[in-house]
Amino acid sequence: MPSIFFYIIAAASPLTVVVALYPIIIGAGNGVGMPGAFVIATVVLMIFAVGYVAMSRHVTNAGAFYAYVTLGLGRIPGLGSAFLAIFAYNAIQAGLYGGFGYYASELINPALGIDIPWWAYAFGALVVCLGLGLQGVHSGAKVLGVFMTLEVTMITVLSAFSLFGDTVPVSQFSFEPFRPSVVLGGALGVALMFAHASFIGFEGSAIYGEEARNPTHTIPRATYLSIAFMGILYAVSGWLIINALGIDKVVGMANDTGGNFIFAASDAIIGHNISVIFQTLIVSATFAAIVTFHNNVSRYQFSLGRQGLVWRPLGWTLASRRTPWVSGIVQSVTVGIVIAFFALFGQDPFATLFTWATGIGTIGVILSQFIAGIAIFAFFRKSDVDKRPWNTVIAPILAIIGLGAFFVLTLNSLDVLLGVHGAMAALMLSLVFLALLAGVLYGVYLRAFAPARYALVGQALNERAGDDPAPGAH
């Protein structure tokens, strides 16, 4: 469970959330109501996790969304969901490489007096990431555990020093950031969109079901714990930092400093040029997220390759580690091409690659979660494996409503999420739906022209040796 927990938290990358998203939510979202937005997101995702976890007890497969949607809605929607998830996670990982290259070059180049291009750092990270991926979940988790601990420690230190700052004494701290009128004010859609994005990665818990010793216990615990942990960390640290900087001043400071908000805040609250440590850890935090999304994509591809639905070697694993090595290499090459494309055309790694790719990926993941929510509800309607009303009816319905609202809010805030407008925003958004459509059309093609392969879709969705076939897989 700790290994999977580390992968989930590493994917969400708490320090990246604090550094990159706090100033956006405060400056362009609901202002000082930012902590309350995280509370709302935590509640919605915890409700989604109820049905997600209930289904994970009956389905153990490396292609989590693919397996869930196939069993709940059918083969063709399942393939659409698989293609969508692969596209979304690939996009996020590609964007993270841009962020890594940017942060690494900003940190290392001035210190050494050299001018190494951002893409060189990105490709170096790609090679190390592939190596960790081939070593397996537990080896990677040791590295991610160290990085995650350092991230959380620094956020905790900043939060603790907020209690003893000179600007605002703790006796004057206000709970205004949690007041409903404040939380629901401003651009609430922008706030909720980025608050939800701060949890992306928790749904990856089910991906590691085949590698978990006891998935029926490990996956639920890791999922619930990760959502609760991140929700508390974001809401509490945000509340403390906002109060320490001054509720009446923090919005202006966020708008003035932008991406350097937390660096400026840490120097103001702690002093001693402590921002250098934050600048160092944001590099390791971004790399930790890269490793996690690499594993997510390679396991989705592995799940499809193993069933013979795509290139079969994607389903090959190392005999010693049982890790999908061909899929890992293919995933790395795919992202490497994207990095090379942006580097070749001289694009800014942060303003274009990081912003565009992670934004598109975020939309894809939210849509994947929404479709999975519908599939979970449908699965329990046609299956007798679980009849608990809250777990299989009420919570899934509430999750569908909540995730649907998040998706609509995201579409209404594309200019903030992607940093582009008009036709360019529409073009980038279309990539998400094209990925979903490609999977659906591939399913239609298989049903019409390759019925034997089409019959494989939905089979072997419970892949732990000795398990009974998953209900509804026929």
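Only one of these is open to solvent by 10 Å² or more (accessible area, probe 1.4 Å) and assigned to a helix (DSSP H, G or I): Val127, Val69. Name it.
Numbers: Val69 fails: open to solvent by 10 Å² or more (accessible area, probe 1.4 Å).
Being open to solvent by 10 Å² or more (accessible area, probe 1.4 Å) and assigned to a helix (DSSP H, G or I) holds for just one of Val127, Val69, which is Val127.
Scan the stretch 100-116 and give yes if some residue there is under 16 Å from Val335 (Cα atoms), out of contact with any strand residue (DSSP E or B) (no Cβ under 6 Å at 6 or more places or on another chain), modelled with pLDDT of 85 or more and open to solvent by less than 10 Å² (accessible area, probe 1.4 Å), otherwise no. Show your work before the answer.
Here is the first cut: in the stretch 100-116, the ones under 16 Å from Val335 (Cα atoms) are 100-101.
Add one more test, that the residue is out of contact with any strand residue (DSSP E or B) (no Cβ under 6 Å at 6 or more places or on another chain), and what stays is 100-101.
In the following step, the residues that additionally are modelled with pLDDT of 85 or more were identified as 100-101.
This time we only want the ones that are open to solvent by less than 10 Å² (accessible area, probe 1.4 Å), so: 101.
Yes; the residues of the stretch 100-116 include at least one that is under 16 Å from Val335 (Cα atoms), out of contact with any strand residue (DSSP E or B) (no Cβ under 6 Å at 6 or more places or on another chain), modelled with pLDDT of 85 or more and open to solvent by less than 10 Å² (accessible area, probe 1.4 Å).
If I filter the stretch 1-59 down to residues being assigned to a helix (DSSP H, G or I) and among the hydroxyl-bearing types (Ser, Thr, Tyr), which single residue comes out as farthest from Met253 (Cα to Cα)?
Checked the stretch 1-59; the qualifying residue farthest from Met253 (Cα to Cα) is Ser56.
Tell me which residues, restricted to the stretch 250-259, are in contact with a helix residue (DSSP H, G or I) (Cβ under 8 Å, 6 or more places away or on another chain) and open to solvent by 60 Å² or more (accessible area, probe 1.4 Å). Explain how you work it out, then say what you get.
Of all residues in the stretch 250-259, those in contact with a helix residue (DSSP H, G or I) (Cβ under 8 Å, 6 or more places away or on another chain) come to 250-251, 253-255, 257-259.
The answer is Asn255, and nothing else.
Within the set Ile242, Ile247, Ile262, Ile232, the sole residue that is open to solvent by 50 Å² or more (accessible area, probe 1.4 Å) and either within 29 Å of Val157 (Cβ to Cβ) or within 25 Å of the chain's Cα centre (by Cα) (or both) turns out to be Ile232. Of all residues in the stretch 161-181, those satisfying the criterion of being in contact (Cβ under 8 Å) with a residue 60 or more places away in the chain and open to solvent by less than 70 Å² (accessible area, probe 1.4 Å) are Ser162, Leu163, Gly165, Val168, Phe173, Ser174, Glu176, Pro177.
Scanning for something at pLDDT below 95, open to solvent by 20 Å² or more (accessible area, probe 1.4 Å), more than 26 Å from Leu184 (Cβ to Cβ) and aromatic (Phe, Trp, Tyr), does the stretch 6-20 turn up at least one residue? Yes: one or more hits. Kindly establish whether Val152 is of a type in the set (A, V, I, L, M), part of a helix (DSSP H, G or I) and open to solvent by 30 Å² or more (accessible area, probe 1.4 Å). It is false that Val152 is of a type in the set (A, V, I, L, M), part of a helix (DSSP H, G or I) and open to solvent by 30 Å² or more (accessible area, probe 1.4 Å). Take the conditions more than 19 Å from Gly74 (Cα to Cα) and either at pLDDT 95 or above or touching a helix residue (DSSP H, G or I) at 6+ places or on another chain (Cβ under 7 Å) (or both) and apply them to Gly364. Does it pass? Yes: the conditions hold for Gly364. Among all positions in the stretch 50-72, there is no residue which is of a type in the set (Val, Ile, Thr), touching a residue at least 12 places away in the same chain (Cβ under 8 Å) and within 28 Å of Leu281 (Cβ to Cβ).
All conditions but one from (1) part of a loop (DSSP other than H, G, I, E, B); (2) on the phi > 0 side of the Ramachandran plot apply to Ile200; the one that does not is (2).
Yes or no, residue by residue, for (1) crowded, with 20+ Cβ neighbours inside 10 Å; (2) aliphatic (A, V, I, L, M); (3) within 18 Å of Asn296 (Cα to Cα):
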| site | (1), (2), (3) |
| --- | --- |
| Leu318 | no, yes, yes |
| Val333 | no, yes, yes |
| Ile337 | no, yes, no |
| Trp356 | yes, no, no |
| Gly364 | yes, no, yes |
| Gly373 | yes, no, no |
| Thr392 | yes, no, no |
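Tell me, yes or no, whether the stretch 343-357 has at least one residue that is farther than 19 Å from Phe87 by Cα, aromatic (Phe, Trp, Tyr), under 21 Å from the mean Cα position of the chain (by Cα) and outside any loop (DSSP other than H, G, I, E, B). Yes, the conditions are met somewhere in the stretch 343-357. Filter the stretch 408-429 down to the residues that are in a helix (DSSP H, G or I) and either on the phi > 0 side of the Ramachandran plot or touching a Gly at 6+ places or on another chain (Cβ under 7 Å) (or both) and list them by number. Across the stretch 408-429, the qualifying residues are Leu409, Leu417, Leu418, Gly422. Among the residues making up the stretch 311-327, those that are modelled with pLDDT under 90 and basic (Lys, Arg) are Arg321, Arg322.
Could you check how many residues of the stretch 394-408 are open to solvent by 50 Å² or more (accessible area, probe 1.4 Å) and either closer than 18 Å to Leu21 by Cα or in contact with a Phe, Trp or Tyr (Cβ under 9 Å, 6 or more places away or on another chain) (or both)? Of the residues in that region, 2 qualify. Assess whether Ala448 counts as being open to solvent by 40 Å² or more (accessible area, probe 1.4 Å), among the aliphatic types (A, V, I, L, M) and at pLDDT 95 or above. It is true that Ala448 is open to solvent by 40 Å² or more (accessible area, probe 1.4 Å), among the aliphatic types (A, V, I, L, M) and at pLDDT 95 or above.
Sub-8 Å Cβ pairs linking a first residue in the stretch 382-408 that is at pLDDT 95 or above to a second residue that is acidic (Asp, Glu) and surrounded by fewer than 21 Cβ atoms within 10 Å (Cβ to Cβ), at least 6 apart or interchain, are Thr392/Asp386, ordered by first then second residue.
Pairs meeting the criteria (first residue in the stretch 111-132 and within 11 Å of Val291 (Cβ to Cβ), second residue open to solvent by less than 70 Å² (accessible area, probe 1.4 Å) and hydroxyl-bearing (Ser, Thr, Tyr), beta carbons under 8 Å, at least 6 apart or on different chains) are Ala125/Tyr97; Leu126/Tyr97; Leu126/Ser332; Cys129/Ser332; Leu130/Ser332; Leu132/Ser139.
Within the stretch 73-87, can one find any residue that is open to solvent by 30 Å² or more (accessible area, probe 1.4 Å) and under 17 Å from the mean Cα position of the chain (by Cα)? Yes, that holds for at least one residue.
The values are calculated or read from the model by the stated rules, or taken from the named source; none is laboratory data. Please read all numbers here as calculations on a predicted model, not as lab measurements. Because the Cβ atoms are built from the backbone with ideal geometry, glycine has one as well, and the counts that use them run over all protein chains shown. Heavy atoms of the whole protein, side chains included, go into the accessibility calculation; ligands, DNA and RNA do not. Shrake-Rupley method; radii C 1.70, N 1.55, O 1.52, S 1.80 Å.
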